[in-house]
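To start, the structure under review is shown below, and the notes come after it.
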Protein chains: 2
Amino acid sequence: MGQSIEIEQAAGLLKLLGDKTRLTMLRILIEQDCCCVCEFVEMFEASQPAISQHLRKLRDAGLVKENRRGQWMFYSFNQQYEYADYVHLLLKELPSQAEKLGKRISCD
Amino acid sequence: MGQSIEIEQAAGLLKLLGDKTRLTMLRILIEQDCCCVCEFVEMFEASQPAISQHLRKLRDAGLVKENRRGQWMFYSFNQQYEYADYVHLLLKELPSQAEKLGKRISCD
DNA sequence: TCAATATATAACAATATGCTTATATACGCA
DNA sequence: TGCGTATATAAGCATATTGTTATATATTGA
């Protein structure tokens, strides 16, 4: 059950979502169970540290959780996030980014 | 009728909303017809230039429109904004900020 | 026309953000 | 244990953002 969100917390959340890479990551994660870092790196044609840093911000805010499987780290949307309902509300209005995943690399 | 929003435009919009002052302004403007600059200045206990600059960003993005009445400039939410529906969706989940207005200064 | 008020803009400084490169850490496997 | 792969972190740099101060513009009313 999500909490109703105060304006200050909403501003911080929206700021975090106000980045194309992070927003796309989250849009993907609400329709895709989880992704490993290497998938994001390929998808965004970005450097590995850049992706890791975005993921850390999302994780520090509680929006995603990480799960190690062997040497791969998988990230998924954190349904326990306090304002998960609100985030869903925002994300589901955005077009699916599933095609960005392309042929999924099988990391596992 | 609002347009469906692409991810890149959504990111830019959310970035703009990801500021406490601007987010609060907009939250007020969806329940309050319009506000003049001096009301915002008092409400946020911010400097007049700071408020003007926030309003300009919102106006440049098309989120608010301005209307002069004598020496006062009134700002209101722009219902014609391409993604007005989306913005409404986000804002209506936030607590009303009407009390922030306090006793409204009558500028007109 | 001039002064007062409201607002906008410009220039600058402080801070935040996001990337890069380099390096550290964690894991699997030989 | 040692190497290769995946990921995280740190440091530094370039750019963006936001506020401040100073000034410009617009409007009203004497």
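The values are calculated or read from the model by the stated rules, or taken from the named source; none is laboratory data. On a predicted model such as this, the values are computed, not experimentally measured, just so you know. So basically every Cβ, Gly included, is an ideal-geometry build from the backbone, and we count neighbours across all protein chains shown. Surface accessibility is based on the protein's heavy atoms, side chains included, excluding ligands, DNA and RNA. Shrake-Rupley method; radii C 1.70, N 1.55, O 1.52, S 1.80 Å.
The set of residues in the range B:45-62 that are under 18 Å from B:PHE77 (Cα atoms) and either touching an Asp or Glu at 6+ places or on another chain (Cβ under 6 Å) or not hydroxyl-bearing (Ser, Thr, Tyr) (or both) comprises B:ILE51, B:GLN53, B:HIS54, B:LEU55, B:ARG56, B:LYS57, B:LEU58, B:ARG59, B:ASP60, B:ALA61, B:GLY62.
Of the numbered criteria (1) touching a Cys at 6+ places or on another chain (Cβ under 6 Å); (2) open to solvent by 40 Å² or more (accessible area, probe 1.4 Å), the one A:GLN48 fails is (1).
For (1) within 22 Å of B:ALA98 (Cα to Cα); (2) at the interface with chain A (Cβ under 10 Å from one of its Cβ atoms); (3) open to solvent by less than 90 Å² (accessible area, probe 1.4 Å), each residue gets a yes or a no:
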| residue | (1), (2), (3) |
| --- | --- |
| B:ILE7 | no, yes, yes |
| B:LEU17 | yes, yes, yes |
| B:LEU29 | yes, no, yes |
| B:GLU39 | yes, no, yes |
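Restricting A:ILE5, A:ILE51, A:ILE28 to residues that are more than 25 Å from B:TYR86 (Cβ to Cβ) and either acidic (Asp, Glu) or in contact with a Phe, Trp or Tyr (Cβ under 9 Å, 6 or more places away or on another chain) (or both) narrows the list to A:ILE51. If you go through the range A:25-68 and keep only what is more than 11 Å from DNA strand C (Cβ to nearest atom), in contact (Cβ under 8 Å) with a residue 12 or more places away in the chain and in a helix (DSSP H, G or I), you end up with A:MET25, A:LEU26, A:ARG27, A:ILE28, A:LEU29, A:VAL37, A:CYS38, A:GLU39, A:PHE40, A:GLU42, A:MET43, A:ARG59.
Scanning the range B:8-24 for residues that are charged (D, E, K, R) and not in a helix (DSSP H, G or I) yields one hit, B:ASP19.
Number of residues in the range B:69-91 that are open to solvent by less than 60 Å² (accessible area, probe 1.4 Å), at the interface with chain A (Cβ under 10 Å from one of its Cβ atoms) and assigned to a helix (DSSP H, G or I): the value is 4.
Sort through B:GLN53, B:GLN48 and tell me the only one that's over 20 Å from A:LYS92 (Cβ atoms), under 14 Å from the mean Cα position of the chain (by Cα), within 16 Å of DNA strand D (Cβ to nearest atom) and not aromatic (Phe, Trp, Tyr). Exactly one residue qualifies, and that residue is B:GLN53.
Determine, yes or no, whether B:LEU94 is outside any helix (DSSP H, G or I), touching a residue at least 60 places away in the same chain (Cβ under 8 Å) and buried (at least 16 other Cβ atoms within 10 Å of the Cβ). Yes; evaluated as a whole, the condition is true for this residue. Every condition in (1) open to solvent by 40 Å² or more (accessible area, probe 1.4 Å); (2) more than 14 Å from chain B (Cβ to nearest Cβ); (3) not aliphatic (A, V, I, L, M) holds for A:GLU99 except the one numbered (2). For B:GLN3, the conditions (1) modelled with pLDDT of 95 or more; (2) within 14 Å of chain A (Cβ to nearest Cβ) all hold with the exception of (1).
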